[in-house]
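Q: Below is one structure. I have some questions about it.
Values quoted throughout were computed directly from the atomic coordinates according to the rules given, and no laboratory measurement underlies them. A quick note: this is a predicted structure, and the numbers were derived from the prediction, not measured. Cβ placement follows ideal geometry from the backbone for every residue including glycine, while neighbour counts extend to all protein chains displayed.
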Amino acid sequence: MTFKLPTLPFANNALEPWYDENTVIIHHTKHHQAYTDNLNKAIEEAKLEVNSIEDLLINVNDVDPQFRTRIINHGGGYYNHNFFWESLAPNASSKASETLIAAIEKKWASFDAFKEEFSAKALGHFGSGWAWLVLNKDKELEIIDTHDQVCPLTLGYQPLLTIDVWEHAYYIKYQNRRAEWISAFWNLVNYERVEERLNTALSK
Ligand code: MN
């Protein structure tokens, strides 16, 4: 199985002014493309039979140790970026539904309290990685962070929303000001997609 770089679900400039066209193009056509190419190379060299990227990442500990780190890095990089792009939508195109707000408010004191905890996790992450809203094994909402390209699927979580806090995700526009990128991100969250993912994860 050969993976392909997915087409973005919006125009390169559709996330302006929160996420600039130049960053979107480089992030997608250089970084995401490189993970895709390196994943395909690693699969070919390891002679892996792959059914889906999800299965590969869930069962990555079964991969020959000689190739495992490459699959974690590039398979995670491929999946995490697919997931990231699909978590975003142009400004104001999507708001959290009452259903999603109710699910969030079961766990956090308010929707704002959830956003604050997620933002703090993203801001506090040391070095390269991701912050995630996930459903854990007990089907409870949880906020986690993962290092480098580790995917929540490998850790037994169902991912619902993510922000990329690698410097390549924000440095062109925001330089070292990660907090500004996180603040801008909230204008781009595709809440409809988050709710779809939650419903799918709850029904499993
Ligand atoms: Mn990235």
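Q: For a Förster distance of 35 Å, can you work out the FRET efficiency between the beta-carbons of Asn51 and His147, rounded to the nearest 0.05?
A: Computed FRET efficiency for Asn51 and His147 comes out at 0.85.
Q: Quick check: the distance between the Cα centres of the stretch 60-91 and the stretch 169-204, to the nearest angstrom?
A: 17
Q: Would you mind checking the pairs Lys30/Lys107; Lys47/Lys173; Lys121/Lys204; Lys4/Lys115; Lys115/Lys137; Lys107/Lys173 and listing those with alpha carbons more than 31 angstrom apart? Display every interim value, and only then the final one.
A: Numbers: Lys30/Lys107 38 Å; Lys47/Lys173 40 Å; Lys121/Lys204 27 Å; Lys4/Lys115 33 Å; Lys115/Lys137 22 Å; Lys107/Lys173 34 Å.
Result: Lys30/Lys107; Lys47/Lys173; Lys4/Lys115; Lys107/Lys173 exceed 31 Å.
Q: Shifting gears a bit: Just flag the chymotrypsin sites (Phe, Trp or Tyr not before Pro) in the stretch 113-204 sitting in loop per DSSP whose Cβ has no more than 12 other Cβ atoms within 10 Å. Please list the in-between numbers first.
A: Working: sites: Phe114, Phe118, Phe126, Trp130, Trp132, Tyr157, Trp166, Tyr170, Tyr171, Tyr174, Trp181, Phe185, Trp186, Tyr191; in loops: Phe126, Tyr157, Trp166, Tyr170, Trp186.
Listed in order of number, the matching sites are Phe126, Trp186.
Q: Can you tell me the orientation of helix 98-107 relative to the chain, as the angle in degrees between its alpha-carbon axis and the longest Cα principal axis, to the nearest 10?
A: 80
Q: Taking the Cβ of Pro9 as the center, what net charge do the other residues with Cβ under 14 Å away carry, scoring Lys and Arg +1 and Asp and Glu -1?
A: -2
Q: Does the stretch 21-86 classify as rounded, prolate or oblate by the C-alpha gyration tensor (a ≥ b ≥ c root eigenvalues; a/c under 1.5 gives rounded; else a/b over b/c gives prolate, otherwise oblate)?
A: prolate
Q: Now a separate question. Tell me the relative contact order for the chain as a rounded percent, counting alpha carbon contacts under 8 Å between residues six or more apart.
A: Numbers: 278 pairs, mean separation 50.0, N = 204.
The value is 25 percent.
Q: Can I ask one more? Work out how much length Ile26 to Asp138 would gain on full extension: take 0.36 nm times their residue separation and subtract the Cα-Cα distance, in nm to one decimal.
A: Fully extending the segment from Ile26 to Asp138 adds 36.5 nm.
Q: Between Glu105 and Asn187, with labels modelled 7 Å along Cα→Cβ, what's the label distance in nm to one decimal, could you check?
A: 2.6
Q: What's the angle, to the nearest 10 degrees (0 to 90), between helix 111-124's Cα axis and the longest principal axis of the chain?
A: That helix lies at roughly 50 degrees to the long axis.
Q: Taking a ≥ b ≥ c as the square roots of the Cα gyration tensor eigenvalues, with a/c under 1.5 meaning rounded and otherwise prolate when a/b beats b/c, else oblate, which class fits the chain?
A: oblate
Q: Using DSSP loop states and a limit of at most 11 other Cβ atoms within 10 Å to flag GluC sites (Glu not before Pro), what is the longest stretch of the chain containing no flagged site? Before the final figure, lay out each step's value.
A: On the way: sites that count: Glu49, Glu140.
So the longest stretch without any such site is 50-139.
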